[in-house]
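First the structure, in the form of structure tokens, and then the observations on it.
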Amino acid sequence: MSLAPEQSSAPAATAAPLTDLRERLRNIDLRVREAAVAAGRPAGDVRLLLATKTIAPPVILEAITAGFALIGENRVQEVVGKADELTAANLPYECHFIGHLQRNKVNQVLPHVTCIQTVDSIDLAERLQAWLDSSARDLDVLVQVNVSGETSKSGLALAEVPVLLDAIAGLPRLRVTGYMTIGLNSPDVAAVRAGYRSLTAFRDDALARGIAGAEHATELSMGMSGDFPDAIAEGATMVRVGSAVFGSRPPIVPETGTSTG
Ligand SMILES: *Cc1c(COP(=O)(O)O)cnc(C)c1O
């Protein structure tokens, strides 16, 4: 796949009044479809997940009403805090957890989500399995991979992923449906794309070799507001877009309760 020249990134995020929300959603949806087609795939091949951290339920409900019913939250407090208001509207939607999950918060978050995109340790996987057992429920998960090697980022190095997959293969309530990564934060598009490409290659290889735990692992959750067309060009099946739809966010305050359980 060619590395250059690349399409421009997303427009700079600015405040988004509610009246503009539908237009922004339509615009991002169109760009996602165009990027899929440009990559030789069907227009509907890539799912758009709205990253709704810091966004209030009425705005999220507006997006869901507009037909964008897959949301992602990255703090347990927000998942729990918004759940009542979101479910009260009686509109079908799906919430994935996309932040770092502390093991002691598994029981709080699981009732409200259909997928944990950030599984990166055997210990966390075992905690999930234990809760799921007690609730007689199964769960889709993604394994979070750190393709950039930046120490600030969660996720396993690619070389560590097979061991986790093997462990999850022994946890019958968990089904690995793919991989998630947060790309390299850099203006060097070739380097960003190389990271995404490495995850696509890993997925393809794991499927081809039929390695344990990876039998259903087809999803690639990668790409955000600034680089989702690049991620789609490299094989993303799901992009996580926040600021390009909702406008820029206030700074993130650390989540209370620092125990790692
Ligand atoms: C916030 C967030 C996003 C979306 O980021 P934007 O740059 O606002 O599109 C994607 N993935 C994760 C894990 C996030 O926390």
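For region 44-65, which residues satisfy the criterion of being within 16 Å of the ligand (Cβ to nearest atom), touching a helix residue (DSSP H, G or I) at 6+ places or on another chain (Cβ under 7 Å) and not in a strand (DSSP E or B)?
Taking region 44-65 as the starting set, the residues that turn out to be within 16 Å of the ligand (Cβ to nearest atom) are 46-56, 59-60, 63.
After this cut, where a residue has to be touching a helix residue (DSSP H, G or I) at 6+ places or on another chain (Cβ under 7 Å) as well, the list is 46, 48, 50, 52-53, 55, 59-60, 63.
Within region 44-65, Val46, Thr52, Lys53, Ile55, Val59, Ile60, Ala63 meet the criteria.
Taking the options Arg31, Arg75, Arg26, name whichever one is under 20 Å from Arg240 (Cβ atoms) and exposed (fewer than 15 other Cβ atoms within 10 Å of the Cβ). Let's see the steps before the verdict.
Values: Arg31 fails: exposed (fewer than 15 other Cβ atoms within 10 Å of the Cβ); Arg75 fails: exposed (fewer than 15 other Cβ atoms within 10 Å of the Cβ).
From the options Arg31, Arg75, Arg26, the qualifying one is Arg26.
Could you check region 158-195 and list, in sequence order, the residues that are in a loop (DSSP other than H, G, I, E, B), touching a Leu at 6+ places or on another chain (Cβ under 9 Å) and surrounded by 20 or more Cβ atoms within 10 Å (Cβ to Cβ)? Passing the criteria: only Leu171. Across region 196-228, the qualifying residues are those that are part of a helix (DSSP H, G or I) and crowded, with 24+ Cβ neighbours inside 10 Å, and the one among them that is nearest to the ligand (Cβ to nearest atom) is Phe228. Taken across region 156-165, residues that are in contact with a strand residue (DSSP E or B) (Cβ under 7 Å, 6 or more places away or on another chain), more than 30 Å from Gln108 (Cβ to Cβ), away from the ligand (no atom under 16 Å from the Cβ) and touching a residue at least 24 places away in the same chain (Cβ under 8 Å) do occur, with at least one present.
Readers should treat all values here as calculations from the given coordinates under stated rules, not as data from a laboratory. All of these numbers come straight from a predicted model, not from anything done at the bench. Methodologically, a virtual Cβ is constructed for each residue, glycine included, from the backbone with ideal geometry; neighbour enumeration extends over all protein chains shown.
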